Amino acid sequence: MAAPSLVAAALGEPAPSHVQMASRYVARRQDVGADQIVCGLAASSEADAPNLLPPDDPVAGLVLAVADGTPRNPLSRQRRRRLLTSLRAIRWFFSTTMGLVFAVLTAILGVGFALLAFVVHHSLLTSLYQTMLDAAGAAFTGQGVKPTEEVAQFLLTFDGLAFLPLVTAAIVSARLQLRRASLRSASM
């Protein structure tokens, strides 16, 4: 029971909380799809039984939902389109702090490449080669290097130092979220 809360705390998200009963469970309305809600729940004067409300009543913060993962009305089930799902995932990623940092570091790689290609006038292939080497930390400093090339190497080297841990963190975060989702679906 503690694992989902620990993972949520590690990801900086609110901990999931629900009570499961046979094939139904009680959860917050915002955590459940509208097609899985059986009814709304409200506190009553009796300690044993809550008041049951219609499924679409927004007053009920807690709801009783179907726990088997299938919607109540199979005709209302909508297919997810792969492209739309991919675009949503990309939009979500770049709306997070990690995604924004990834975008900034990628932009710095682009600026370093552009400096090497268009200001220092290396060929595109040579610029790409130097960009990748500098980002990997193998910056070559030699005599007679133009100041613009030195700036590009400096940017790319320090960008690479931040980029590798960021990619590692993104992979670990994605794995944690997949694991969390599989645990959540297994508990329903």
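Just so you know, all these numbers are worked out from the coordinates, no wet-lab data involved. As the structure is a prediction and not an experimental result, all values here were calculated from the model. Backbone-built Cβ (ideal geometry, glycine too); neighbour counts: all protein chains shown.
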Check: Using modelled amide H (1.01 Å from N, peptide plane; none on Pro or chain starts), what sits under 5 Å from the amide H of VAL38, excluding residues fewer than 5 places away?
Finding: LEU64, ALA65, VAL66
Next item on the list: Would you kindly derive the ³J(HN,Hα) couplings of segment 137-146 from the backbone phi angles with the Karplus curve 6.51 cos²θ - 1.76 cosθ + 1.60 (θ = phi - 60°), listing them in order in whole Hz, with x for Gly and Pro?
Entry: x, 9, 4, 9, 9, x, 6, x, 7, 5
Margin query: Once R0 is set to 35 Å, what does the formula 1/(1 + (r/R0)^6) return for the Cβ-Cβ distance between ASN51 and ARG184, expressed as a FRET efficiency to the nearest 0.05?
Written below: 0.80
